[in-house]
Amino acid sequence: AHRQPRPPRGAPGPARLMYRDEDLRRLVACLHCMECGVIGESQAGHSNLAVHGKGAAQKASDAAIFSLCHSSCHEALDQGDEMNAAEKEAATYRYIASTYIALVELGFLEISPAGRAAALKQPGWQG
């Protein structure tokens with residue numbers, strides 16, 4: 001896992017960080033489809049929302065990925081016309097959340113001791 005500084009398109013400003021992690025993408029692709037539940041046909045899909053770093057020729061951050069089957073569900077989200085923009089946005093957030101819940105529940109994601117220690121130092125943390 002690594003973060004690559006990337007200058008924003010257009011106006012000058014601070015470099016944006018875009019998280020990329022091939023291991024995470026491969027792991028997410030092994031999960032069941034978050035829409036239809038099919039096993040063994042998923043791929044790691046990226047959010048199409050600008051808030052997640054999606055640009056004209058730029059995929060969103062790997063932190064905003066989800067597992068959808070490549071045969072129909074991923075295509076329906078990307079190119080389908082059965083959902084309007086608001087429904088696609090809501091589905092994207094639902095898929096991302098469901099993917100991370102599955103990764104945690106299956107034991108693939110956990111907070112490292114260093115991460116836990118850093119969280120405990122945050123103001124207002126009640127852990």
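Structure values in brief
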item	result
Size of electric dipole in region 32-127: Cβ of Lys, Arg +1 and of Asp, Glu -1, about Cα centre, debye, nearest 20	560
Apportionment of accessible area to carbon and sulfur, region 25-81, percent (1.4 Å)	51
Amide H within-cut-off set for Leu49, under 5 Å, with H built and near neighbours excluded	Lys54
Distant alpha-carbon pairs in region 48-127 (separation over 15 angstrom), percent	68
Rounded to whole Hz, the Karplus (6.51, -1.76, 1.60) HN-Hα couplings of region 36-51, x for glycine and proline	9, x, 4, 10, x, 10, 8, 9, 7, x, 9, 4, 9, 9, 4, 4
FRET efficiency for Leu109 and Asp81, using Cβ-Cβ distance with R0 set to 25 Å, rounded to 0.05	0.15
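The values are calculated or read from the model by the stated rules, or taken from the named source; none is laboratory data. On a predicted model such as this, the values are computed, not experimentally measured, just so you know. With ideal geometry, Cβ positions are generated from the backbone for all residues, glycine too; neighbour counts draw on all protein chains shown. For the accessible areas, the whole protein counts, side chains as well, though only heavy atoms, and no ligand, DNA or RNA atoms are used. Shrake-Rupley method; radii C 1.70, N 1.55, O 1.52, S 1.80 Å.
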